[in-house]
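The values are calculated or read from the model by the stated rules, or taken from the named source; none is laboratory data. Since this is a predicted model, take the numbers as computed values, not measurements. As a convention, Cβ positions derive from the backbone with ideal geometry for all residues, glycine included, and neighbour counts pool all protein chains shown.
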């Protein structure tokens with residue numbers, strides 16, 4: 001695609017035209033964990049209670065998977081290149097609705113995923129979490145870490161109906177904002193609603209050397225290849241879940257503005273980087289919702 | 001003489017002197033604050049405020065049996081905000097209201113700074129993830145997992161995995177007396193403690209039953225506190 005520039009004049013804004021292309025792009029920017037077919041029924045489902053977790057060797061693998069979700073640094077640190085845990089986004093150890101919960105993801109695979117350009121398995125999808133969201137290395141498919149995460153996911157999906165979209169699966173799809181998402185408004189809303197925990201500089205906060213509030217951008221955050229770098233995905237996540245325990249209190253407009261603000265900062269390079277930001281944008285970020293390759297405050301995002 | 005990027009020795013000396021005197025002035029001001037804070041902490045004030053250490057311990061370590069909270073090593077912003085809230089009646093306490101009212105703003109700030117600089121007594125080797133909880137262990141489960149089906153986050157999600165506290169807004173829970181922690185949750189529940197940042201705590205406390213409050217307070221303030229080797233908890237590693 002041709003180079004798109006974000007206009008800078010104290011205000012940075014995504015041109016409204018950007019959104020007119022949104023419908024055409026929606027297919028490629030949808031959260032990848034749920035089937036994209038609009039005709040799929042939405043099915044109610046609850047993951048089993050913790051008390052019903054089985055024992056034995058299989059139970060151990062399930063429990064390990066759960067602990068990897070919560071304490072990824074401790075249990076799978078060798079595959080992680082930032083300070084995030086899986087549960088930084090997948091709240092309640094991968095159970096919470098609209099945080100791409102594991103059960104809904106599990107019953108969706110194998111599926112065709114445009115990001116990969118082929119049909120991939122659930123294990124391969126988990127590998128991408130490590131590669132992009134955790135800015136690390138993908139464990140092998142038979143690695144105990146992936147086996148544990150899959151075991152946990154299978155157990156969470158126990159009794160789940162097939163053939164439809166599970167309620168609360170993936171991320172919340174937010175309607176287009178009334179006004180084009182705005183960097184300055186986003187910064188103000190961020191200061192008001194997000195900075196208490198994530199810090200005024202977005203770098204999160206730690207306690208006793210352990211991350212508590214995840215960094216939202218910068219070297220310790222997810223990289224440019226992660227789904228959360230897309231403004232629409234981030235807006236849906238923010239609307240449904242942020243501030244923590246105060247989901248659905250921000251307006252849609254605030255969620256979009258904050259998402260744009262968050263994703264207009266530098267973060268680790270896309271592992272698929274070709275050597276040229278513009279070429280990488282053309283190949284992997286040809287979406288109105290990706291700020292990769294855009295110029296914000298005089299800086300080309302992805303140029304690091 | 002070239003007054004460009006290369007400075008003359010005299011200029012450099014002047015600059016150094018200026019820096020040194022500024023540093024001295026700052027150190028002096030800080031020392032004054034510290035002296036005042038120390039004086040209030042150790043001796044109380046002429047306006048009748050008792051010494052803080054009488055209840056909070058010589059080192060601000062608190063009193064697990066009496067239920068007086070540890071204040072050593074807490075954020076000065078947090079301590080000062082609490083003293084101000086007591087003074088304004090936004091945080092109610094039969095013990096703290098009067099002394100807070102009788103401290104000047106300057107004294108509140110100084111004493112907050114004094115205690116914030118005292119060591120919090122946290123052995124670094126204890127900073128590991130807590131053991132995975134089971135749902136039947138109500139306190140541990142609420143502390144580390146919350147109850148998300150009710151939109152209730154785990155304590156650990158804001159106060160840290162071991163409850164050590166985060167920044168100025170999220171104070172430590174580990175090592176505080178269980179009776180103190182329970183009283184705070186009850187206070188938020190019945191509206192006698194100011195809602196605090198983003199009014200998070202009243203929302204949380206309102207979803208906890210009395211027995212759950214006791215359980216979660218005991219988790220952080222009792223012998224099963226997630227800090228191992230802690231001088232407060234008496235727990236074996």
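For region A:68-85, a residue qualifies if it is within 11 Å of chain B (Cβ to nearest Cβ) and either free of Cβ contacts under 8 Å to residues at least 24 places away in the same chain or in a loop (DSSP other than H, G, I, E, B) (or both), and the qualifying residues are A:70, A:71, A:74, A:85.
Answer yes if at least one residue in region A:179-186 is crowded, with 20+ Cβ neighbours inside 10 Å and in a loop (DSSP other than H, G, I, E, B), and no otherwise. Yes, region A:179-186 has at least one match.
Taking the criterion of being over 14 Å from residue B:217 (Cα atoms), surrounded by fewer than 19 Cβ atoms within 10 Å (Cβ to Cβ) and either in contact (Cβ under 8 Å) with a residue 60 or more places away in the chain or in contact with a strand residue (DSSP E or B) (Cβ under 9 Å, 6 or more places away or on another chain) (or both), the only residue of region B:170-192 that qualifies is B:192. For the condition within 30 Å of residue A:136 (Cα to Cα), out of contact with any helix residue (DSSP H, G or I) (no Cβ under 8 Å at 6 or more places or on another chain) and at pLDDT below 95, residue A:41 does not qualify. Among the residues of region A:93-120 satisfying the criterion of being surrounded by fewer than 18 Cβ atoms within 10 Å (Cβ to Cβ) and out of contact with any strand residue (DSSP E or B) (no Cβ under 9 Å at 6 or more places or on another chain), which is nearest to the other protein chains (Cβ to nearest Cβ)? Looking at the filtered set, the residue picked out is A:115.
Checked against (1) within 16 Å of the chain's Cα centre (by Cα); (2) within 14 Å of another protein chain (Cβ to nearest Cβ), residue A:64 meets all criteria but (1).
Taking residue A:149 as the residue in question, decide whether it is out of contact with any strand residue (DSSP E or B) (no Cβ under 9 Å at 6 or more places or on another chain) and either surrounded by fewer than 20 Cβ atoms within 10 Å (Cβ to Cβ) or more than 14 Å from chain B (Cβ to nearest Cβ) (or both). So residue A:149 fits the description; yes. Please tell me if residue A:233 is modelled with pLDDT under 95, buried (at least 20 other Cβ atoms within 10 Å of the Cβ) and either within 24 Å of residue A:81 (Cβ to Cβ) or within 14 Å of chain B (Cβ to nearest Cβ) (or both). Against the criterion (modelled with pLDDT under 95, buried (at least 20 other Cβ atoms within 10 Å of the Cβ) and either within 24 Å of residue A:81 (Cβ to Cβ) or within 14 Å of chain B (Cβ to nearest Cβ) (or both)), residue A:233 does not qualify.
Away from chain B (no Cβ under 14 Å) and outside any helix (DSSP H, G or I): is that true of residue A:220 in this structure? Considered against the rule, which asks whether it is away from chain B (no Cβ under 14 Å) and outside any helix (DSSP H, G or I), residue A:220 comes out as yes.
Of the residues A:170, A:209, A:175, the single one that is at positive phi and either touching a residue at least 40 places away in the same chain (Cβ under 8 Å) or touching a strand residue (DSSP E or B) at 6+ places or on another chain (Cβ under 6 Å) (or both) is A:170.
The sole residue among A:209, A:247 that is within 14 Å of another protein chain (Cβ to nearest Cβ) and at pLDDT below 95 is A:209. The set of residues in region B:171-210 that are more than 22 Å from residue A:210 (Cβ to Cβ), in a loop (DSSP other than H, G, I, E, B) and away from every other protein chain (no Cβ under 14 Å) comprises B:177, B:191, B:192, B:194, B:209.
Candidates are the residues of region A:247-304 that are exposed (fewer than 15 other Cβ atoms within 10 Å of the Cβ) and on the phi > 0 side of the Ramachandran plot; the one that is nearest to the chain's Cα centre (by Cα) is A:248. Residues that are at the interface with chain A (Cβ under 9 Å from one of its Cβ atoms), free of Cβ contacts under 8 Å to residues at least 24 places away in the same chain and either touching a strand residue (DSSP E or B) at 6+ places or on another chain (Cβ under 7 Å) or within 24 Å of residue A:70 (Cβ to Cβ) (or both) are absent from region B:103-123.
With the structure loaded, tell me whether residue A:196 is touching a helix residue (DSSP H, G or I) at 6+ places or on another chain (Cβ under 6 Å), more than 14 Å from every other protein chain (Cβ to nearest Cβ) and either at pLDDT 95 or above or under 22 Å from residue A:72 (Cα atoms) (or both) or whether it fails that test. So residue A:196 does not fit the description; no. Criterion applied to B:73, B:62, B:146 was being in contact with a strand residue (DSSP E or B) (Cβ under 7 Å, 6 or more places away or on another chain) and modelled with pLDDT under 95, and the one residue passing it is B:62.
From the list B:154, B:168, B:133, the one residue that fits, being modelled with pLDDT under 95, assigned to a loop (DSSP other than H, G, I, E, B), over 26 Å from residue B:94 (Cα atoms) and in contact with a helix residue (DSSP H, G or I) (Cβ under 7 Å, 6 or more places away or on another chain), is B:133.
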